[in-house]
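Quick notes on the structure that follows.
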Amino acid sequence: MKYFLVFLIGIVLLNTGTLRAQFNEKPIINLENEDKAFLNWGYYLGFNQFDFKFEYKNDLDDILVEKSIGFNVGLIGEMRINEFFDLRFEPGLFYTTRTLGYKGFADTNDAIREIKSTYISFPLLLKASAKRLGNWKPFVIGGVSAALNLGSNEKSLDDNSSGTFRMKQTVYNWEIGFGIDFYTEYFKFSPSVRGVFAITDELVPDNDPNSPWTGNIDALKTRGVFVNFTFE
């Protein structure tokens, strides 16, 4: 998260003049009719950091997770409900890598599992906005999503005994976040932060029920933080 915060601070510093104009007492109103259309379209780019939440069967050594920074890209379709509420569909592509570390193995090849995941996500979200103040408007957003993990290895006959960590291809999540809409002269720019939490267990256990990699895992669920930059 510290990298996300540094990046956001840099954006703010680079746009100090623009932001000062946005928060002026009597700013020039940009894109005055932007939010009045029944349908709006846009796209987003951003960063992510995924983690795992483990539920264990027995109180043994925890599995360590090394997280990395991934990227997001996607499209936005928005349907206006009223002045304060919008229904949004945000299909997107999310790439991330997580590395699991297991204790008790002498061989590094057995102790480390690198999990590269490419999710195609289909979120249906409700966006609740405050009243527009000049050229900016804060909002909160939340809803549910279904995602396909293209790197799941769910159908692989190999398991961790052959170095293959398997996960279910389909996962269901709930999402919640917040952000600010900024109305520039030519487009609406919206930085936001969002948390994503899996509802369903993603683990495909190894063939051996006593596997040292999956035998003590009762459930494995993705959780993550996104920082998105939206252009509409």
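The values are calculated or read from the model by the stated rules, or taken from the named source; none is laboratory data. Values in this document were obtained by computation on a predicted structure and should not be read as measured data. For neighbour counting, all protein chains shown are included, and Cβ atoms are generated from backbone atoms with ideal geometry for every residue, glycine included. What goes into the accessible areas is simple: the full protein's heavy atoms, side chains included, and nothing from ligands, DNA or RNA. Shrake-Rupley method; radii C 1.70, N 1.55, O 1.52, S 1.80 Å.
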Inset, instruction - Give just the number: which of (1) more than 30 Å from Asn40 (Cα to Cα); (2) modelled with pLDDT under 95; (3) open to solvent by 20 Å² or more (accessible area, probe 1.4 Å) does Lys168 not satisfy? - result: (2)
Inset, instruction - Just give me the residues in region 204-223 being closer than 15 Å to Phe50 by Cβ and not basic (Lys, Arg), in sequence order. - result: Leu220, Thr222
Inset, instruction - Report the residue count in region 54-102 for those that are surrounded by 13 or more Cβ atoms within 10 Å (Cβ to Cβ), part of a strand (DSSP E or B) and charged (D, E, K, R). - result: 6
Inset, instruction - Scan Leu133, Leu93, Leu148 and give me the residue that is at pLDDT 95 or above, of a type in the set (A, V, I, L, M) and within 19 Å of Ser190 (Cα to Cα). - result: Leu93
Inset, instruction - Tell me which residues, restricted to region 191-232, are closer than 21 Å to Phe85 by Cβ and at pLDDT below 95. - result: Glu232
Legend entry - Residue match in region 146-154 (condition: surrounded by fewer than 14 Cβ atoms within 10 Å (Cβ to Cβ), in contact (Cβ under 8 Å) with a residue 40 or more places away in the chain and over 30 Å from Leu31 (Cβ atoms)): yes
Legend entry - In region 175-200, residue nearest to the chain's Cα centre (by Cα) [restricted to those that are open to solvent by 50 Å² or more (accessible area, probe 1.4 Å) and farther than 18 Å from Ala130 by Cα]: Phe197
Inset, instruction - Kindly provide the set of residues from region 103-145 that are open to solvent by 30 Å² or more (accessible area, probe 1.4 Å) and of a type in the set (Lys, Arg), ordered by number. - result: Lys103, Lys116, Lys131, Arg132
